[in-house]
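The structure appears right after this line, and notes come after that.
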Amino acid sequence: MNNKIQSVRGMNDILPAEIHLWQYVEQTFAGLVSSYGYTEIRTPIVEPTGLFKRSIGEVTDIVEKEMYTFPDRNGDSLSLRPENTASIVRAIIENGMLQSQQKLWYQGPMFRHERPQKGRYRQFHQLGCEAFGMQGPSIDTEIIAMSSRLWQLLGIRNVKLQLNSLGTIGARNSYKEALVSFLSAHKTQLDEDSKRRLNSNPLRILDSKNPDVKELLNLAPAIKDYLDPESAEHFNLLCQMLDALEIKYYLNPHLVRGLDYYGKTVFEWTSNELGAQDTICAGGRYDGMVENLGGKLATPAVGFALGLERILVLLETQNIAPAKTRPDIYLILAGDKAQTAGIKLAEKLHAARDDLTIISNHNGGNFKSQFKRADKANARYALILGDDEIQKHKVGIKDLTENQQLPDVELAAITDWILSI
């Protein structure tokens, strides 16, 4: 019997060797969105299943096929969050945050039972922003501009912004009727998945990856021809603002997103270097969700989410991933007296420079073995404390980058030395 316990398929460990890349993207994102006035919010990873059925849509693939749903001990149906926008809307309603405009950002794991592949996992991580209470296209523009600036900060190249408008609910319903009428007349050219969606969620057919269906869709009615005047004006102003910012975009009439709550603006950033999972960031408007989930007032809202795993793949593919930060100091401690003196020295160093990484040797060993550990850690400097150094009240110093022994420093003056590096 094999008793080996392994991680759940599609749910991966993030190991120390790679965590610096995650932190690099997370910190870059947090600094960027904070500079635009967005503040962080954290929501539970488990929510009532009804939250996602009402917000995402009961006939979406996410709700029908992909959610991790289970009854708790009270018999209530709970789900691991497949996305975070619905959770944030629930949170702002529940906590009475709708009286003022809100600009929020988040990070964390999401869960969908999909077939694991490169860039798509069953536990995946998102970074995102949501803005509430702002009606005009300028906030849509800000959201898109922030994402564009993120690629610049990270050094990511060759990404493409795709843009569309889904209009208001009335405009979408009119378009759905026209689309269903067209597709029904060409039903024999649809694959089985599209036939299934024809009556339940026809807009999702626009996102089909089947080449034959995509060719048919080129002849289908275009949603832009069904936009109501308000949506058309909103979209035209958005395009004008993006033009003014010189943010290049491509109009994609088949862009609908996989979540039912979107209306008016929808967008995706894609890369041709990721294979089938080419979307790295996506978002749009969802003005009706607050009211749909119990908010007393209709509240305009817009946001985006980016897939952290896919961003990391791009950093590696484009060879722009930052190197792991080197430890600054490795304390080499030899002898019983040095262990006690070394602890005191380490805390003195940490107090003097909390921005440095200082590693103490805790495994004993002679000088040779400890220097090997310092080299393996790729430290910049080795500080040496043995019986001789303690007797002389000095600390030995070696520059490991240059492989050069430096003059000893008086123990009482070590703070001055560490402030100088």
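How high is the FRET efficiency between E94 and F70 when r is their beta carbon distance and R₀ equals 30 Å, given to the nearest 0.05?
Efficiency, from the Cβ-Cβ distance: 0.85.
Taking every DSSP beta bridge that has both residues in the stretch 306-421, what percent is antiparallel when rounded to the nearest 5?
Counting DSSP beta bridges with both partners in the stretch 306-421, the antiparallel share is about 55 percent.
For the chain, set up a Gaussian network in which alpha carbons nearer than 10 Å are linked by springs, and say which option among P137, P44, P82 fluctuates the most.
Largest GNM mean-square fluctuation: P44.
Name the shape class, rounded, prolate or oblate, that the alpha-carbon gyration tensor gives for the stretch 1-77, where a ≥ b ≥ c are the square roots of its eigenvalues, rounded holds for a/c under 1.5, and otherwise prolate holds if a/b is larger than b/c and oblate otherwise.
Oblate.
Determine how many Å³ per residue the convex hull of the Cα atoms of the stretch 329-420 encloses.
Cα convex hull per residue, to the nearest whole number: 89 Å³.
On a straight-distance basis, which lysines could pair with K4 in a cross-link, Cα separation under 27 angstrom, same-chain partners fewer than 8 positions away excluded?
Correct list for K4: K118.
Measure out, as a whole number of angstrom, how far apart the alpha-carbon centroids of the stretch 266-325 and the stretch 150-222 sit.
Spelled out, the Cα-based centre of one part sits 19 Å from the other.
DSSP beta bridges in the chain, what fraction antiparallel, as a percent rounded to 5?
Roughly 80 percent of the beta bridges in the chain run antiparallel, per DSSP.
Under a Cβ-only charge scheme (Lys and Arg +1, Asp and Glu -1), can you give me the dipole magnitude of the chain about the Cα centre, in debye to the nearest 20?
Magnitude of the dipole: close to 820 debye.
Bear in mind that the values in this text are calculations on the coordinates, not laboratory data. These numbers were taken from a predicted model, which means no experiment stands behind them. Cβ atoms come from the backbone with ideal geometry, glycine included; neighbour counts cover every protein chain shown.
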